[in-house]
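The values are calculated or read from the model by the stated rules, or taken from the named source; none is laboratory data. The model shown is predicted, which means the values in this text are computed figures rather than measured ones. Here Cβ is always computed from backbone atoms with ideal geometry, including for glycine, and neighbour counts include all displayed protein chains. In case anyone asks, the SASA skips ligands and DNA or RNA and just uses the protein heavy atoms, side chains included. Shrake-Rupley method; radii C 1.70, N 1.55, O 1.52, S 1.80 Å.
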Amino acid sequence: MRNFATLSAVCLATVACGGGSKGPSTPTPVTRSTRFAVFLDENHDGLLEPTELIRVPGVDVSFGSASGKSAPTTGEFSAEVAQTTQTLSINPASLPPYYQATTGISASPPTTGTFNVPVTLPLGATASPGVFLAFGDSITDGQVGTGDGQGYTGMLERMLSTHFGKARVINDGLDSSNSERGDARIQDSLAGGRPAFTLILYGTNDWSDSRCGQQPCFTVSSLRSMVRKVKAAGGFPFVGTLLMTNVGNDFRASPQRNAWVIEQNEGIRQMALEEQVVLVDLHRAFELSPLQYSELFADYIHPSAEGYKVLAQAWFDAITKPR
């Protein structure tokens, strides 16, 4: 494939001169419909390699006076462009979280084929592009007999694969574990999965620990430690807020527990801001759903199949939409 930054310029077509006193007419640039493809440049060399299958949709690209937005799955769009050297630019505000734009490059479009436009992710050497680690407790793990039994992860993988052209979501939910346990095991999970992105949803089970009867609980400090370990491993964290409980389902769901969840979520929001990571407000996604809590939950705390759809969509929106 061609490197967009090294493509040679093509000549300008000229209009034949008329007779008599008329001088030469102004040269008219040759234009043609050109297909652009925005891709993840995994090795940062500016070239689209056969193994680089991830496309980046929703990106606003300008080339001279022409512009367009890349489509889902293919990352492509077409525009009528002059066959001359012009400035290629990407609007950074149109990129998903953590992606970086290549801007201000002078280039010429290819006379045939696709104009490949690279964007990058500053991943560490051990992180694998297109790999997402869903890291949490039983809410992440999923429940037998609820949906496909994979929690939100199977749905999310299908959504991300359709969007980016390639994605793998690893379900690493451990039932009954609290955030301290998550912090203790995340290093091994990162080493084994080598994710580019880690989706952290931990803290629900901290309510049952006597140390969390008074503030501060260890939830926020555990999540902060997990976030920093993800960064140290060369990946990017997304942190989810805690879900409310389904009050009225049984004695384990109570207004007092929900008040505790709201308090923890305030701390999680502040931590995400301080650590400059993406917050995924799952609690708010449930609040905004038109469904009743009795429809969103399978029991006192675990989502129903409909609830998992809401979670999958919330994670997907956070991963794909510009921040």
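Taking the range 71-89 as the range and being part of a loop (DSSP other than H, G, I, E, B) and either over 20 Å from S33 (Cβ atoms) or more than 25 Å from the chain's Cα centre (by Cα) (or both) as the test, the residues that pass are P72, T73, Q83, T84, T85.
Residues being touching a Lys or Arg at 6+ places or on another chain (Cβ under 9 Å) and either farther than 30 Å from R194 by Cβ or free of Cβ contacts under 8 Å to residues at least 60 places away in the same chain (or both) are represented in the range 245-256 by at least one member. Scanning the range 198-224 for residues that are surrounded by 12 or more Cβ atoms within 10 Å (Cβ to Cβ) and free of Cβ contacts under 8 Å to residues at least 40 places away in the same chain yields D209, F218, S221. Look at (1) touching a residue at least 40 places away in the same chain (Cβ under 8 Å); (2) in a helix (DSSP H, G or I) and you find that E266 fails only one, number (1). Checked against (1) modelled with pLDDT of 95 or more; (2) touching a Gly at 6+ places or on another chain (Cβ under 8 Å), A93 passes all but condition (2). For the range 90-128, a tally of residues being open to solvent by 60 Å² or more (accessible area, probe 1.4 Å), assigned to a loop (DSSP other than H, G, I, E, B) and within 17 Å of K69 (Cβ to Cβ) returns 2. Among the residues of the range 60-78, the ones that are in contact with a strand residue (DSSP E or B) (Cβ under 7 Å, 6 or more places away or on another chain) and open to solvent by 10 Å² or more (accessible area, probe 1.4 Å) come to 13 in all.
Condition first: of a type in the set (D, E, K, R) and farther than 22 Å from G307 by Cβ. Now tell me which residues in the range 153-194 satisfy that. Once the filter is applied, which keeps residues that are of a type in the set (D, E, K, R) and farther than 22 Å from G307 by Cβ, the range 153-194 yields K166, R168, E180, R181, D183, R185, D188, R194. Quick check on P322: is it surrounded by fewer than 15 Cβ atoms within 10 Å (Cβ to Cβ) and in contact (Cβ under 8 Å) with a residue 24 or more places away in the chain? So P322 passes the test. Of the residues in the range 196-238, how many are closer than 21 Å to K321 by Cα and in contact with a Lys or Arg (Cβ under 6 Å, 6 or more places away or on another chain)? Number of matching residues: 0. Of all residues in the range 33-59, those satisfying the criterion of being open to solvent by 50 Å² or more (accessible area, probe 1.4 Å) and charged (D, E, K, R) are R35, E42, D45, E49. Against the numbered list (1) free of Cβ contacts under 8 Å to residues at least 24 places away in the same chain; (2) of a type outside the set (S, T, Y); (3) farther than 26 Å from G58 by Cβ, L273 comes up short only at (3). Looking only at the range 31-41, residues that are touching a Ser or Thr at 6+ places or on another chain (Cβ under 8 Å) and either at pLDDT below 80 or within 20 Å of T102 (Cα to Cα) (or both) come to 7 in all. Summed over the range 129-158, the residues that are of a type in the set (S, T, Y), open to solvent by 10 Å² or more (accessible area, probe 1.4 Å) and part of a loop (DSSP other than H, G, I, E, B) give a count of 1. The combined condition, being among the charged types (D, E, K, R), open to solvent by 20 Å² or more (accessible area, probe 1.4 Å), free of Cβ contacts under 8 Å to residues at least 40 places away in the same chain and within 27 Å of N258 (Cα to Cα), is fulfilled by D172. Going by the conditions given, is D172 closer than 25 Å to R252 by Cβ and in a strand (DSSP E or B)? For D172, the condition - closer than 25 Å to R252 by Cβ and in a strand (DSSP E or B) - is met. Selection of the range 225-258 for residues being open to solvent by less than 40 Å² (accessible area, probe 1.4 Å), over 20 Å from S177 (Cα atoms) and outside any loop (DSSP other than H, G, I, E, B) yields only F236.
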